[in-house]
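To start, the structure itself, in structure tokens.
Since every read-out is calculated from the coordinates, none of them should be taken as a lab result. Predicted model, so just to flag it, every value in this text is computed and none were measured. Every residue, glycine among them, receives a Cβ derived from its backbone with ideal geometry; neighbour counts consider all protein chains shown.
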Amino acid sequence: MTVSLYDLGVSSYLQTLGALEGILSRGSTHFLKTGIDPDHILRERLYDDMEPFAFQVWNTVHCSSGAIRGLREGAFGPPPPLPEGADFAGLQKIVGQARSKMLELRRDEIDALAGKDVVYRLPSKNIVLPFTAENFVLSFSLPNFYFHATTAYGILRHHGVPLGKRDFLGRMLIKA
């Protein structure tokens with residue numbers, strides 16, 4: 001069996017972005033039921049030196065849809081600043097839009113990027129990391145994508161949102 005660049009990236013991004021949509025929806029419902037303003041969670045962190053919830057969701061999107069842009073352009077870097085005034089509902093919308101755009105991608109278009117050079121640049125620390133498209137997805141984009149999605153899940157769970165592993169897994173790619 002051959003695994004394509006589309007299979008590695010897009011299929012994985014779709015599964016977890018869909019799960020994140022569900023997790024955020026469960027969070028919104030929980031906060032409404034408990035009388036908590038969902039925007040309160042935006043600044044919450046698992047630990048003081050970690051980025052807050054809003055960044056975790058934002059960077060999950062960046063490490064998926066932004067990674068696709070990076071594959072096309074041959075360059076990837078840190079996420080742009082979170083849109084001004086982004087609230088909990090706005091983050092839900094951003095995740096939904098990213099997933100919708102991912103659904104529009106054509107397998108042949110993504111697979112044609114295989115073998116292409118992709119460079120990660122972190123100008124503030126003068127870091128440049130060269131990758132092939134496949135290695136960028138496997139060793140940089142996906143680990144970061146899962147890290148930020150997991151951290152967002154953990155913050156919601158820590159604040160009482162009733163979530164389990166099945167919520168994080170989302171719609172798995174089971175044999176039909």
ask   = Taking helices (runs of 4 or more DSSP H) that fall entirely within the stretch 67-176, which contain at least 1 residues that are of a type in the set (Asp, Glu)?
value = 67-73, 107-111, 133-136, 165-169
request  = Please work out if ALA75 is out of contact with any Pro (no Cβ under 8 Å at 6 or more places or on another chain) and in contact (Cβ under 8 Å) with a residue 60 or more places away in the chain.
outcome  = no
remark   = If we keep only residues of the stretch 96-129 that are within 23 Å of THR16 (Cα to Cα) and polar (S, T, N, Q), then the residue surrounded by the most Cβ atoms within 10 Å (Cβ to Cβ) is GLN97
inquiry  = Looking at the stretch 149-163, can you tell me whether even one residue there is more than 15 Å from the chain's Cα centre (by Cα) and without any contact (Cβ under 8 Å) to a residue 60 or more places away in the chain?
reply    = yes
ask   = Out of the residues in the stretch 130-146 that are of a type outside the set (Ser, Thr, Tyr) and loosely packed, with under 14 Cβ neighbours inside 10 Å, which is nearest to the chain's Cα centre (by Cα)?
value = PRO143
Every pair of residues 6+ apart whose Cβ atoms lie under 6 Å, when the first sits in the stretch 29-55 and is closer than 12 Å to LEU156 by Cβ while the second is hydroxyl-bearing (Ser, Thr, Tyr) and not in a loop (DSSP other than H, G, I, E, B) = PRO38/SER28
message = Exactly one condition in (1) within 16 Å of VAL161 (Cβ to Cβ); (2) of a type in the set (Val, Ile, Thr); (3) part of a helix (DSSP H, G or I) is false for ILE36; which is it?
response = (3)
query = Which of (1) more than 22 Å from PHE53 (Cα to Cα); (2) in contact (Cβ under 8 Å) with a residue 40 or more places away in the chain; (3) of a type outside the set (D, E, K, R) does GLY96 not meet, given it meets every other one?
reply = (1)
